[in-house]
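Student: Dropping the structure in here first, questions after.
The values are calculated or read from the model by the stated rules, or taken from the named source; none is laboratory data. The structure presented is a predicted model; accordingly, all values stated were derived computationally and were not measured. Because the Cβ atoms are built from the backbone with ideal geometry, glycine has one as well, and the counts that use them run over all protein chains shown. All accessible areas refer to the heavy atoms of the entire protein, side chains included, with ligands and DNA or RNA removed. Shrake-Rupley method; radii C 1.70, N 1.55, O 1.52, S 1.80 Å.
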Amino acid sequence: MKPVLNVPGKSAGKNAASPAGSEASDLAYMDQALELAAAAELAGEVPIGALVINERGEVIGRGYNRTRLDADPTAHAEMVALREAAWRAANPRLTGCTLYATIEPCAMCAGALIQARIARLVYGAPDPKAGALHSVPSLAAHPALNHEYAVIAGVRAQACGARLSEFFRRCRARQASPPEPAATD
């Protein structure tokens with residue numbers, strides 16, 4: 001499925017003219033975000049990955065969900081990637097940057113993208129329960145906010161959604177199965 005710009009009445013704007021803007025680069029960067037999602041799952045976290053690309057096409061921030069590892073409810077993949085990117089850029093304003101996420105960001109992460117002044121967001125699968133761009137409210141282009149960013153939805157949506165669905169299917173199966181009997185000598 002070809003990604004679509006999905007912020008009604010908004011163009012990508014001057015900040016979106018970066019190497020991370022072609023369909024081929026969007027697919028390649030989303031593949032990297034999917035690799036980060038796999039790392040999250042190996043760590044026992046919900047498999048969501050994110051990365052931040054600067055105007056030169058360099059990865060300056062990587063993240064995957066770490067809420068359990070860090071005992072931090074704000075350690076979503078997008079937040080982890082934004083923190084690293086801001087540290088590397090030595091600037092909390094990431095103007096001209098693109099964030100890639102395997103799932104539609106929640107309200108907290110969408111708000112952080114506004115605060116960071118991200119130029120573009122590219123995400124894979126929608127999040128019908130907590131997504132804050134298309135699924136629930138739309139924070140990317142809210143008229144009361146002081147910053148807007150372009151949103152590209154559906155990049156590798158099937159792969160991103162399948163990873164999450166499979167993860168939660170396995171979680172439910174483990175909860176439904178009785179525990180193994182203790183071994184006796």
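Student: Looking only at the stretch 119-132, filter to residues that are closer than 16 Å to D26 by Cβ and free of Cβ contacts under 8 Å to residues at least 40 places away in the same chain; which one of those is surrounded by the most Cβ atoms within 10 Å (Cβ to Cβ)? Working first, answer last.
Tutor: If we filter the stretch 119-132 for residues that are closer than 16 Å to D26 by Cβ, which is where we start, we get 119-125.
Retained after the next criterion (residues that are free of Cβ contacts under 8 Å to residues at least 40 places away in the same chain): 121, 123, 125.
Working: L121: 24, Y123: 31, A125: 24.
So, considering only residues that are closer than 16 Å to D26 by Cβ and free of Cβ contacts under 8 Å to residues at least 40 places away in the same chain, the one surrounded by the most Cβ atoms within 10 Å (Cβ to Cβ) is Y123.
Student: Further question: Restricting the search to the stretch 53-77, which residues are assigned to a helix (DSSP H, G or I) and open to solvent by 10 Å² or more (accessible area, probe 1.4 Å)?
Tutor: T67, R68, L69, D70
Student: Kindly evaluate E41 against the criterion of being acidic (D, E) and modelled with pLDDT of 95 or more.
Tutor: No; evaluated as a whole, the condition is false for this residue.
Student: Go through the stretch 87-114 and give me each residue that's buried (at least 24 other Cβ atoms within 10 Å of the Cβ) and aromatic (F, W, Y).
Tutor: Y100
Student: Hey, among V80, V46, which residue is among the hydrophobic types (A, V, I, L, M, F, W, C), modelled with pLDDT under 95 and open to solvent by 20 Å² or more (accessible area, probe 1.4 Å)?
Tutor: Checking each option against the conditions leaves just V46.
Student: Still on this model: With the requirement that a residue be of a type in the set (A, V, I, L, M, F, W, C) and under 13 Å from A50 (Cβ atoms), what does the stretch 109-124 give you?
Tutor: Result: C109, A110, A112, L113, A116, I118, L121, V122.
Student: A follow-up question, please. Consider only pairs whose beta carbons are under 7 Å apart and that are at least six residues apart or on different chains; among these, list those whose first residue lies in the stretch 159-177 and is assigned to a helix (DSSP H, G or I) and open to solvent by less than 50 Å² (accessible area, probe 1.4 Å) and whose second residue is of a type in the set (A, V, I, L, M, F, W, C) and modelled with pLDDT of 80 or more.
Tutor: Filtered contacts from the stretch 159-177: A159/L34; C160/L34; C160/I103; C160/A125; G161/A125; L164/I103; L164/A125; F167/V46.
Student: Can I ask one more? For the stretch 106-138, give me the residue count where each residue is modelled with pLDDT under 75 and not in a loop (DSSP other than H, G, I, E, B).
Tutor: 0
Student: Now for a separate question. Is there any pair linking a residue in the stretch 77-102 that is within 16 Å of V155 (Cβ to Cβ) to one that is crowded, with 24+ Cβ neighbours inside 10 Å and among the acidic types (D, E), with Cβ under 7 Å and at least six apart or on different chains, and which?
Tutor: Close Cβ pairs satisfying both conditions: L99/E78; A101/E78.
Student: Scan (1) at pLDDT 80 or above; (2) over 27 Å from A24 (Cβ atoms); (3) under 14 Å from the mean Cα position of the chain (by Cα) for the single condition R169 breaks and write down its number.
Tutor: That leaves (3) as the condition not met.
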